[in-house]
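S.K.: After the structure tokens below, expect a handful of questions from me.
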Amino acid sequence: MMATATDFAELVRDLRPAMHGPGALSDQLETHGTTVISLRYDGGVLTLADRRATAGNLIMYDRAEKIMALDDSTVVAISGAFARSVEVCRYLKHNLKYYRRVNLTEMSTEGKLSEISRALAGNAPMAMQGIGLFLPIVASYDRKSDQFGVYFFDGAGARFENGSYACAGSGSERIRGVFEYIARQRGRFETLPFAEVLEAGVELLDIAAELDSATGGFDRLLPVTRLLDRDGNRPVDEAELRAAADRVLRRRN
């Protein structure tokens, strides 16, 4: 039977139906990370992620680490194909370290973002086959300009910047409008104090977990977090995170 596809992506779907769609073979073979969020605040960027990793309709793991620091001023959160994204992030981390040792200076923020885009573009042929697709979000601090940024990407490596927030993963589609609602009610995230943004971020993850079965809640395990400011990056203090999570859970219950 002759294929009637109008573009290459459609042709691939026609010829390999078992690799695509709900319950596809690729979903069963790959473990996927779900919801990740980066939020600006007054003085830095907060990145949060739920801890669930799935394969099709199975919960594979509830302690996934989806946030990785590439260097002191660059934090990446990963959604999608977990193994492939971790592999690419390790490569990028090594690449930035090698550049710093050879050139005795840190790669520019633009250079780092271009490297991430290049890695995604290099992964596109595999993603077109229905395997290995992942979408990162990036929090960065440019020391020269003293500017923070949050960025998101498409599967081909195109880069987009939002001055206040970025999100990716299955749960992110359920909560996109909530970001704008919070900004209109309370002010843009980058104008708010850290404590207020932390609680908003935890609440956004909680809403995503309520509306998206692939996103894990935090009744048992706290979200994984990374705070980026002018002093570098580090996890949010556990006691502060627990207090914010408890306030969110009390309001929900």
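The values are calculated or read from the model by the stated rules, or taken from the named source; none is laboratory data. Keep in mind it's a predicted model, so treat the numbers as computed, not measured. Here the Cβ positions follow ideal geometry from the backbone for every residue, glycine too, while neighbour counts run over all protein chains shown.
S.K.: Quick check on segment 126-133. Is at least one of its residues in contact with a Gly (Cβ under 8 Å, 6 or more places away or on another chain) and farther than 24 Å from residue 162 by Cα? It would help to see each step written out before you state the result.
M.R.: Just the residues of segment 126-133 that are in contact with a Gly (Cβ under 8 Å, 6 or more places away or on another chain), to begin with: 126-127, 133.
Checking the rest, the ones that are also farther than 24 Å from residue 162 by Cα come to 126-127.
So far as segment 126-133 goes, yes, one or more of its residues are in contact with a Gly (Cβ under 8 Å, 6 or more places away or on another chain) and farther than 24 Å from residue 162 by Cα.
S.K.: Within the bounds of segment 241-249, is there any residue that is surrounded by fewer than 20 Cβ atoms within 10 Å (Cβ to Cβ), out of contact with any Gly (no Cβ under 7 Å at 6 or more places or on another chain), at pLDDT below 95 and of a type outside the set (Val, Ile, Thr)?
M.R.: Yes: segment 241-249 contains one or more residues that are surrounded by fewer than 20 Cβ atoms within 10 Å (Cβ to Cβ), out of contact with any Gly (no Cβ under 7 Å at 6 or more places or on another chain), at pLDDT below 95 and of a type outside the set (Val, Ile, Thr).
S.K.: Let me ask something else. Do we have residue 86 as within 26 Å of residue 214 (Cα to Cα), without any contact (Cβ under 8 Å) to a residue 24 or more places away in the chain, surrounded by 15 or more Cβ atoms within 10 Å (Cβ to Cβ) and not aromatic (Phe, Trp, Tyr) here?
M.R.: So residue 86 fits the description; yes.
S.K.: Against the definition (in contact with a Lys or Arg (Cβ under 8 Å, 6 or more places away or on another chain), buried (at least 21 other Cβ atoms within 10 Å of the Cβ), under 30 Å from residue 180 (Cβ atoms) and at pLDDT 95 or above), how does residue 67 come out, yes or no?
M.R.: yes
S.K.: Counting only residues that are among the hydrophobic types (A, V, I, L, M, F, W, C) and under 19 Å from residue 151 (Cβ atoms), which one in segment 29-56 is surrounded by the most Cβ atoms within 10 Å (Cβ to Cβ)?
M.R.: 36
S.K.: Any residue at all in segment 175-183 that is surrounded by 14 or more Cβ atoms within 10 Å (Cβ to Cβ) and farther than 18 Å from residue 245 by Cβ?
M.R.: yes
S.K.: Just for helices (runs of 4 or more DSSP H) wholly inside segment 155-253: which have at least 2 residues that are closer than 30 Å to residue 125 by Cα?
M.R.: By residue number, 172-186.
S.K.: Sort out which residues of segment 91-121 are under 25 Å from residue 230 (Cα atoms), of a type in the set (Lys, Arg) and either in contact with a helix residue (DSSP H, G or I) (Cβ under 7 Å, 6 or more places away or on another chain) or in contact (Cβ under 8 Å) with a residue 12 or more places away in the chain (or both), and write them in order of number.
M.R.: 93, 97, 100, 112
S.K.: Give 237, 212, 231 a once-over and let me know the one that is out of contact with any His (no Cβ under 8 Å at 6 or more places or on another chain) and in contact (Cβ under 8 Å) with a residue 40 or more places away in the chain. Can you show your working first?
M.R.: Values: 237 fails: in contact (Cβ under 8 Å) with a residue 40 or more places away in the chain; 231 fails: in contact (Cβ under 8 Å) with a residue 40 or more places away in the chain.
Answer to the check: 212.
S.K.: What is the residue count in segment 216-231 for residues that are within 21 Å of residue 75 (Cα to Cα) and either surrounded by 20 or more Cβ atoms within 10 Å (Cβ to Cβ) or of a type outside the set (A, V, I, L, M, F, W, C) (or both)?
M.R.: Number satisfying all stated conditions: 9.
S.K.: For segment 35-54, name all the residues that are in contact with a Phe, Trp or Tyr (Cβ under 9 Å, 6 or more places away or on another chain) and part of a strand (DSSP E or B). I'd like the intermediate steps shown before the answer.
M.R.: First, pick out the residues of segment 35-54 that are in contact with a Phe, Trp or Tyr (Cβ under 9 Å, 6 or more places away or on another chain): 37-46, 50-54.
Across segment 35-54, the qualifying residues are 37, 38, 39, 40, 41, 44, 45, 46, 53, 54.
S.K.: Another one. Could you say which residue among 161, 190 is more than 14 Å from the chain's Cα centre (by Cα) and acidic (Asp, Glu)?
M.R.: Values: 161 fails: more than 14 Å from the chain's Cα centre (by Cα).
Going through 161, 190 in turn, the sole match is 190.
S.K.: Cβ contacts < 6 Å: first residue farther than 18 Å from residue 224 by Cβ and at pLDDT below 95, restricted to segment 24-45; second residue of a type outside the set (Ser, Thr, Tyr) and not in a strand (DSSP E or B), any location; separation 6+ or different chain. Result?
M.R.: From segment 24-45, the pairs are 25/18; 25/19; 26/19; 26/130; 26/131; 27/56; 28/56.
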